[in-house]
1. How much length, in nm to one decimal, is gained on full extension between SER337 and GLU464, taken as 0.36 nm per residue of separation minus their Cα-Cα distance?
2. Provide the FRET efficiency to the nearest 0.05 for the LYS278-ASN114 pair, computing r from the beta carbons and using R0 = 56 Å.
3. Rank by packing, highest mean first: peptides 370-382, 268-280, 175-187, 496-508, with packing defined as the count of other Cβ atoms within 10 Å averaged across residues.
4. Simple spin-label model, 7 Å along Cα-to-Cβ: ASN211 to LYS319 in nm?
5. State the extension gain, in nm to one decimal, for the chain segment bounded by SER160 and ILE557, taking 0.36 nm per residue of separation less the distance between their alpha-carbons.
6. List every residue whose amide H lies under 5 Å from the amide H of TYR527, counting only residues 5 or more places away in sequence or on a different chain, with H placed 1.01 Å from N in the peptide plane.
7. Can you give the angle from 0 to 90° between the axis of helix 446-461 and the longest principal axis of the chain, with both taken from C-alpha atoms, to the nearest 10?
8. Tell me which aspartates and glutamates have Cα within less than 17 Å of LYS115's Cα, excluding those fewer than 8 residues away on the same chain?
Amino acid sequence: MKKKQKKDKYYNKNQTSFFFEDYLETNKKNKSIEKKNILQDRIYLLFFLFFSLILIFAARIIHVSLNKIEIYNNDSFSKKFSLLRRDIVDRNGEIISRNIKSYHAAVNPNLINNKENFLIKLQLNFPELKIKETKKKLDKGKYFYLKKRISHDEKEKLWSFGEKGLIFEPFQSRVYTHSNLFSHVIGQVDYDNYGISGVEKYFDKELKDKNLSNQPLELTLDTNIQYLISKELNEALITFNAKGGASLLMDVNNGEILSLVSLPNFDINERAAVKDKKYINKITKGVYELGSIFKTFTVALALENNLVKPKTIVNNITKSIKCSKYEISDIKEFPKSLSVEDILIRSSNIGTLLIARKIGEEKYKQFLKNSELLKSPSIQLEEVGRPLKFDWNKCKLETVSYGHGIATTPLQALAVYAALTNGGAIIKPNLIKNKKNNNYGRLISKKTSDDINKILRKIVTDEEGTASLADAYGYDVGGKTGTSQNYNNQSENLNTFISVFPSHKPKYALLVMLENPQVAKNLIYNYRGMKIKGTRNEAGWNSVYVAGQIIKKIGPILAIKSKDFNHQYVAEKLN
């Protein structure tokens, strides 16, 4: 019994399992292993997440690197940026006008942390802003525009402020790549992208047509030629101290306008209201008495009606002649007998008047009607002038014959010269490239046109001619001068020269006009091989000189684009 009790003293009645102590030890080990597994799982998960992020960033970097070239590609840009207006380009595809993404800078005052600090930054970076007014707007706490139509540099400055309250509102802005170079042709749009002048207004509907958004509007203008002519004309205003000037270059065969310059001009990117009349388009809207350039019309009409021939002698050319109560005279005295061509070469008022009397009033009226000199010009612009009406009273035929008492636009005058020199076909001035040139009839015959071209050339080459300063070597220039009084201010001169080249087979006609030029006393002319100073103020001494300088500059460009320009001239001379 005692032995049994000895055994049982180690016996615990509450023990439920023989392996109790081993189980606890095992359970502790299992929990430790489980914690390690969870920790490892978390490490693997974090590793996977970080690895995935690295892969994503790497893929993105590779994608951006591979597509870097396409970021500014026009095709990809147009998909994201729907243009409200089409591009306008010149005849060579160079951009003249385009819509771009721009911004207005607005302010939400409630999001500005330190208003005083914000105003200080504005004053330092934008001294032109009225800070007191800006402060008042900030104090009101209402959303307002800080500055509209900000430039890229201005946006960068404002963005560097780091203000949440600065908001950049995107909008489409029309930009003109050549600022004032085409101001009188291209025109402007308003802030809502509606055309308000020039080509922008005339073709407003077509320029906003979404179906044509990928097709730019192609003009006949040539940017390089426009720049060269504008540069020469600006220099001429300084040289001759002229009030203003204008120039027009046209293809005589299809009416395409390669250049139209009117000075002074203005920067169309500024979108400022232009109310001063000196900024009108002098070529299409200005109406002027253009003087002796009308003498070519009179001679051409007499030749066309077989009333005279170039060598026909006109007698009794006196220095002055009485017509009703008026006395008409020449500036200088001419021989009493001159041929028809010499009358035009020397620019005799009396000689031209006597030829006009042979023509008669009815035929001259019909010529003016056919040439449309007394109608508003036909061109793709709304800024056009209307020639002044006049009555055919006593002496009207005589005065009109040499360009006095009749006013028209320079555009119409050049269009008539184009018809007189291109073989006789009437053309319509045109600003749109590849526009079909419809048949508008004939003004004169091919024979009369050939005769006129020969006489115009002699005006430049003959010793008695009035346009020798336009004789640019290799370009066979012909033309006619016109010196008159400014219709709006008779105390001022209006000096004009219309040239055609090459005169053996005209391709281009160029008009140069100067408003109230003065004698260029410091200019040394190369006059028929002699170096002389300027002492006279007729068109032959300023407008002609400017035209000659222009032709020398633009001639090589035109010759390259018209392969037969000089080659044909040389061939004909050799034959």
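1. 44.2 nm
2. Efficiency, from the Cβ-Cβ distance: 0.70.
3. 496-508, 175-187, 370-382, 268-280
4. Placing both labels 7 Å along Cα→Cβ, they lie 7.1 nm apart.
5. 138.2 nm
6. ILE532
7. Between helix and principal axis, roughly 90 degrees.
8. Straight-line reach from LYS115, under 17 Å: GLU133, ASP139, GLU163.
Rule-based calculations on the coordinates, nothing more; no lab input. All figures in this text were calculated on a predicted structure; none of them were measured in a lab. With ideal geometry, Cβ positions are generated from the backbone for all residues, glycine too; neighbour counts draw on all protein chains shown.
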